[in-house]
Amino acid sequence: MNRRRIANVAALAVTVLLLVAALLPLDAVGTDLAHRFAGPSFAHPLGTDHLGRDVFARLAAGTRFSVGFTLVAVVVCALLGTGTGLLAGYAGGAVAQALQRTIDVLIAVPSIVLGLVLATILQPGPGALLLAVIITGWTPFARLAYQLTVREAAREYVEGAVAIGAGRARIAFRHILPNAARPLTAHACLRFANVLLSIAGLSFLGLGAQPPTPEWGAMLAEGRTYLFVAPTLVLAPGAAVVGVALFVTLLGRALERRWSSE
């Protein structure tokens, strides 16, 4: 088995384990100071942290926030960006130029920097985190949707729709969008990993979920202080972020290859 296949299997195993564990009724916030930094055992598969909390339970509960929050952010970014790109691509002219300039400006602003700015204006938390991700996250979808729309607009089926009097919005969403759905879906898988890393990074800086809510980036921030005492506190959430991001990226690339060959 080559290294690439090993990485694929490991990423799949980590993702499945976390998703299954997220459904279990585990206590992720209960403390037990008498058992701080306990090693792995049957009761605590990954040991406990500095407050005696079960690391595996927190990792599983963090899946609901990290993966669930990322999924919501990607869906919102996909809907906003795809809709904007479709309309701009079919309208053309000044609308398309305005979209391109807006995208150029927002792409130049890293989501981490934007998150720090929003944290000074709003209170750190899920709201500011989601807003920071969406403001920059919709632009790749808009750019791809715009390019696909320009390409599809020259096809015969669009000319036929124009001939029967279909409006621009109807042509964009009823005719062009279904033909652009596959590359946009594959792109969403690729963007999932990027958004997940952004959310983990912002939470690591304290701009996302606030204690005691378990979240992978926040768990990394807490665990780094005890890296040499209990390395699992850093390795577990780190492996979760890398494993899930790798799995979804591989899925997106597989979809791209399959659909491009059809």
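The values are calculated or read from the model by the stated rules, or taken from the named source; none is laboratory data. All values derive from a computational prediction rather than experimental measurement. Note that we place each Cβ from the backbone using ideal geometry, even for glycine, and neighbour counts take in every protein chain shown.
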Would you check which residues across segment 9-30 are over 16 Å from GLY223 (Cβ atoms) and touching a strand residue (DSSP E or B) at 6+ places or on another chain (Cβ under 9 Å) and list them? LEU26, ASP27, GLY30
Result of the Cβ filter at 8 Å on segment 185-203, keeping first residues that are on the phi < 0 side of the Ramachandran plot and partners that are among the aromatic types (Phe, Trp, Tyr), at least 6 apart or interchain, is ALA186/TRP259; HIS187/PHE141; ALA188/PHE141; ARG191/PHE141; ILE199/PHE69; ALA200/TRP216; SER203/TRP216
How many residues does segment 221-257 hold that are of a type in the set (Ser, Thr, Tyr) and within 20 Å of the chain's Cα centre (by Cα)? 1
How about segment 50-86: which of its residues are surrounded by 23 or more Cβ atoms within 10 Å (Cβ to Cβ), charged (D, E, K, R) and under 20 Å from the mean Cα position of the chain (by Cα)? ARG58
Yes or no: LEU18 modelled with pLDDT of 90 or more and part of a helix (DSSP H, G or I)? no
Note down all Cβ pairs under 7 Å where the first residue falls in segment 209-233 and is among the polar types (S, T, N, Q), the second is surrounded by 13 or more Cβ atoms within 10 Å (Cβ to Cβ) and in a helix (DSSP H, G or I), and they're at least six residues apart or on different chains. THR213/PHE65; THR232/VAL55
Yes or no: ARG174 touching a Phe, Trp or Tyr at 6+ places or on another chain (Cβ under 6 Å), more than 15 Å from VAL248 (Cβ to Cβ) and either modelled with pLDDT of 90 or more or surrounded by fewer than 24 Cβ atoms within 10 Å (Cβ to Cβ) (or both)? no
Scan segment 218-225 and tell me whether some residue there is at pLDDT 90 or above, touching a Pro at 6+ places or on another chain (Cβ under 6 Å), surrounded by 17 or more Cβ atoms within 10 Å (Cβ to Cβ) and not acidic (Asp, Glu). yes
With the structure loaded, tell me whether LEU196 is in contact with a Lys or Arg (Cβ under 9 Å, 6 or more places away or on another chain), assigned to a helix (DSSP H, G or I) and not small (Gly, Ala, Ser) or whether it fails that test. no
Within segment 42-80, can you find the residues that are free of Cβ contacts under 8 Å to residues at least 24 places away in the same chain, small (Gly, Ala, Ser) and assigned to a helix (DSSP H, G or I)? GLY68
GLU256: under 23 Å from LEU17 (Cβ atoms) and of a type in the set (D, E, K, R), yes or no? no
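This table checks each residue for (1) loosely packed, with under 14 Cβ neighbours inside 10 Å; (2) assigned to a helix (DSSP H, G or I).
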{"residue": "ALA96", "(1), (2)": "no, yes"}
{"residue": "VAL113", "(1), (2)": "yes, yes"}
{"residue": "PRO124", "(1), (2)": "no, no"}
{"residue": "ALA132", "(1), (2)": "no, yes"}
